[in-house]
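First the structure, then my questions, so here it is.
The values are calculated or read from the model by the stated rules, or taken from the named source; none is laboratory data. As the structure is a computational prediction, the values presented were derived from the model and not from experiment. Backbone-built Cβ (ideal geometry, glycine too); neighbour counts: all protein chains shown.
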């Protein structure tokens, strides 16, 4: 039987022309999360970038808290949260609060990021990010035990204690061998930013060497989906928004790392050919779901590149009424 485990992606890329319209976009993101929760989506995903000329979500934990207060079942995933940019104690406290409000529904994928400009913007040292990440993870795990512990030479106590035991859901994300080994070393589940069998194998082998349980999660469906009854007309309307987003990714591209969302920059024709963004009819969505021998996990990205909320709502409502309701 066909199953859909839909993901609502909220990265808030693109900026509206007025402050009022930008406010509308953020308020819509929260309302859309509530809609997705009631419609049976599996996950709402928030992410983090700074120093983005296009405009991007820079406060994923704050948005996640607002979403947690308006939802009851959907998993709220921060993928990825750029850990070394945060004060370790404050992050432990904020995540404990999120865990309490969401009752364990906030899953943080801790990452380092790959852009020196983000570290500069937050007054952090890009060159020490590896050691800083290890210190951060060590501090989080100590802080969430609810006991006093030594922090930089002084005994401190962090409150409140989190809802989830032994600690809030914490994954490690990355796309390098070093990231895979770090996840194994700390006994954390590993979530690469895209399917990477070679890197996943390094993680599993390192877990076996260390005698810890390996848990690899992967994104089985990477394509960004928009639902519309007339895909050709929708591409003419929405293609420029998708292209704005992928062109921003391409500017950030790290040498030697081919990322899914770098593909297709430069023109709408190239973007369509790359297949990383698709506009499907409801019937095509149903066909896709029914063709798989596993759950289909479409990533709906209705606000991509600055798409107006009223246009984004049409996509979500069509997906609920003509796709989810038919399964």
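Going through the range 299-316 one residue at a time, which ones are in contact (Cβ under 8 Å) with a residue 60 or more places away in the chain and in a helix (DSSP H, G or I)?
Residues satisfying the conditions are 304, 305, 306, 309, 311, 312, 313, 314, 315, 316.
Would it be correct to say that residue 247 is under 22 Å from the mean Cα position of the chain (by Cα), buried (at least 16 other Cβ atoms within 10 Å of the Cβ), assigned to a loop (DSSP other than H, G, I, E, B) and modelled with pLDDT of 90 or more?
On the way: under 22 Å from the mean Cα position of the chain (by Cα): yes; buried (at least 16 other Cβ atoms within 10 Å of the Cβ): yes; assigned to a loop (DSSP other than H, G, I, E, B): no; modelled with pLDDT of 90 or more: yes.
Criteria not met by residue 247.
Moving to a separate point now. So residue 84 passes all but one of these: (1) over 18 Å from the mean Cα position of the chain (by Cα); (2) touching a residue at least 12 places away in the same chain (Cβ under 8 Å); (3) part of a helix (DSSP H, G or I). Which condition number does it fail?
(1)
A follow-up question, please. With the condition kept exactly as written, say whether any residue in the range 55-72 is closer than 18 Å to residue 299 by Cβ, in contact with a strand residue (DSSP E or B) (Cβ under 7 Å, 6 or more places away or on another chain), without any contact (Cβ under 8 Å) to a residue 40 or more places away in the chain and not in a helix (DSSP H, G or I).
Checking the range 55-72: not a single residue is closer than 18 Å to residue 299 by Cβ, in contact with a strand residue (DSSP E or B) (Cβ under 7 Å, 6 or more places away or on another chain), without any contact (Cβ under 8 Å) to a residue 40 or more places away in the chain and not in a helix (DSSP H, G or I).
Within the range 200-211, can one find any residue that is closer than 29 Å to residue 64 by Cβ and touching a residue at least 24 places away in the same chain (Cβ under 8 Å)?
No, every residue in the range 200-211 fails to be closer than 29 Å to residue 64 by Cβ and touching a residue at least 24 places away in the same chain (Cβ under 8 Å).
Which of (1) under 25 Å from residue 183 (Cβ atoms); (2) in contact with a strand residue (DSSP E or B) (Cβ under 8 Å, 6 or more places away or on another chain); (3) without any contact (Cβ under 8 Å) to a residue 40 or more places away in the chain does residue 42 not meet, given it meets every other one?
(3)
Here's something else I'd like to know. If I go through the range 268-298 residue by residue, how many of them are within 22 Å of the chain's Cα centre (by Cα) and either part of a helix (DSSP H, G or I) or buried (at least 17 other Cβ atoms within 10 Å of the Cβ) (or both)? Reasoning before the result, please.
Within the range 268-298, the first condition is being within 22 Å of the chain's Cα centre (by Cα), and the residues that meet it are 271, 274-279, 294-298.
Next, from what is left, pick out any that are either part of a helix (DSSP H, G or I) or buried (at least 17 other Cβ atoms within 10 Å of the Cβ) (or both): 271, 274, 276-279, 296-298.
Number satisfying all stated conditions: 9.
So that you can scan it fast, the table gives a plain yes or no per residue for (1) under 21 Å from residue 91 (Cβ atoms); (2) modelled with pLDDT under 95; (3) over 12 Å from the mean Cα position of the chain (by Cα); (4) buried (at least 20 other Cβ atoms within 10 Å of the Cβ):
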| site | (1), (2), (3), (4) |
| --- | --- |
| 5 | no, no, yes, no |
| 10 | yes, no, no, yes |
| 37 | no, no, yes, yes |
| 49 | yes, no, no, yes |
| 64 | yes, no, no, yes |
